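K.L.:
One structure, pasted below without further comment.
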Amino acid sequence: MSDNWREMQERAEAMNEKVFRGTIIPFLIEKGVDRVTAAYDGSGDDGQLDIEGYWTEEGESVDLDDDLKFDQMHVGYAHEDRKHSLMARPESVDRIIEDYLGEILEKHYGGWEINEGSRGTIILFLQTGEYQIDHESRYEAYHHFSHSGSI
């Protein structure tokens with residue numbers, strides 16, 4: 001197996017996307033979930049993205065089993081071999097969706113957690129396969145003024 005970390009990371013992401021589309025979305029639809037809402041907030045090079053809820057088409061909340069896990073691929077490092085390898089690690093549905101949403105967020109608003117950061121919400125519409133991001137960027141602004149006149 002190649003020791004190229006970036007190549008392995010891309011393979012892991014591709015495999016995780018297949019699991020997301022082929023397993024997680026059908027699982028959620030089977031449980032009656034029509035949409036998933038999440039919120040994110042970040043600044044100072046740190047940020048968090050959290051699932052707010054799972055909702056039916058009628059707007060009712062759906063509770064999922066917190067103990068339910070699915071395998072998600074990660075790139076690991078074996079110190080004894082000094083090589084990277086792909087590893088499966090069981091993750092909660094929330095964590096898998098948060099990771100997927102994080103990739104979507106990075107695609108559209110890369111660096112959302114840097115400096116003054118930003119915040120917003122993401123909605124996944126499972127039946128249509130679409131998403132909506134409502135994003136607010138924070139920034140620090142400086143206004144320079146200079147005056148001159150006669151003494």
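K.L.:
When Lys and Arg each count +1 and Asp and Glu each count -1, what net charge do the other residues less than 9 Å away from GLY120, Cβ to Cβ, add up to? Kindly include the intermediate steps, with their values, before the conclusion.
P.N.:
On the way: positive: ARG119; negative: ASP41, ASP134, GLU136.
Result for the neighbourhood of GLY120: -2.
K.L.:
For the range 131-140, what does the Karplus curve 6.51 cos²θ - 1.76 cosθ + 1.60, with θ = phi - 60°, yield as ³J(HN,Hα) per residue in whole Hz, taken in order and with x for Gly and Pro?
P.N.:
With coefficients 6.51, -1.76 and 1.60, one gets 9, 9, 10, 10, 10, 10, 8, 9, 8, 9 Hz.
K.L.:
Identify, among TYR40, TYR77, LEU126, the residue whose Cα sits farthest towards the positive end of the charge dipole of the range 1-128, taking +1 on the Cβ of Lys and Arg and -1 on the Cβ of Asp and Glu, with the dipole about the Cα centre.
P.N.:
Among TYR40, TYR77, LEU126, the one farthest towards the positive end of the dipole of the range 1-128 is TYR77.
K.L.:
Run the helix sum for the chain: -39,500 (n - 2.57) per DSSP H stretch of 4+ residues, divided by residue count, reported at 222 nm to the nearest 500 deg cm²/dmol.
P.N.:
Details: 3 runs with 38 residues, N = 151.
Rounded to the nearest 500, the figure is -8000 deg cm²/dmol.
K.L.:
Let's see if you can work this out: charge +1 on each Lys and Arg Cβ, -1 on each Asp and Glu Cβ, no other charges. What is the dipole magnitude of the chain about its Cα centre, in debye to the nearest 20?
P.N.:
Working: 14 positive and 34 negative charges, 119 e Å.
Magnitude of the dipole: close to 580 debye.
K.L.:
Using only Cα atoms, tell me the angle between helix 93-109 and the longest principal axis of the chain; keep it within 0 to 90° and round to the nearest 10.
P.N.:
So the helix axis and the longest Cα principal axis differ by about 40 degrees.
K.L.:
Report relative contact order for the range 5-137 in percent, whole number only (criteria: Cα-Cα under 8 Å, sequence separation at least 6).
P.N.:
Details: 217 pairs, mean separation 39.6, N = 133.
Worked out over the range 5-137, it gives 30 percent.
K.L.:
On alpha-carbon atoms, Rg over Rh for the range 45-122 using Kirkwood Rh?
P.N.:
On the way: Rg = 16.2 Å, Rh = 15.2 Å.
That ratio equals 1.07.
K.L.:
Which lysines have a Cα lying under 28 Å from the Cα of LYS83, excluding residues fewer than 8 positions away in the same chain?
P.N.:
The reachable lysines, counting only those whose Cα sits under 28 Å from LYS83, are LYS18, LYS69.
K.L.:
So for the range 5-137, what are the equivalent ellipsoid semi-axes in whole Å, largest first, each being the square root of 5 times an eigenvalue of the Cα gyration tensor? Please list the in-between numbers first.
P.N.:
Details: eigenvalues 134, 91, 30 Å².
Semi-axes (√(5λ), whole Å): 26, 21, 12.
K.L.:
Next up: Could you tally the net charge around GLY53, taking each other residue with its Cβ under 11 Å from the Cβ of GLY53, Lys/Arg +1 and Asp/Glu -1? Provide the component values of the computation, followed by the final result.
P.N.:
Numbers: positive: ARG35; negative: ASP50, GLU52, GLU60, ASP63, ASP94.
Residues close to GLY53 contribute a combined charge of -4.
K.L.:
Angle between the Cα long axis of helix 5-19 and the longest principal axis of the chain, 0 to 90 degrees, nearest 10?
P.N.:
Roughly 60 degrees, rounded to the nearest 10.
No lab work stands behind these numbers, since they all come straight from the coordinates. Please read all numbers here as calculations on a predicted model, not as lab measurements. Glycine gets a Cβ as well: all are built from the backbone with ideal geometry, and neighbour counts include every protein chain shown.
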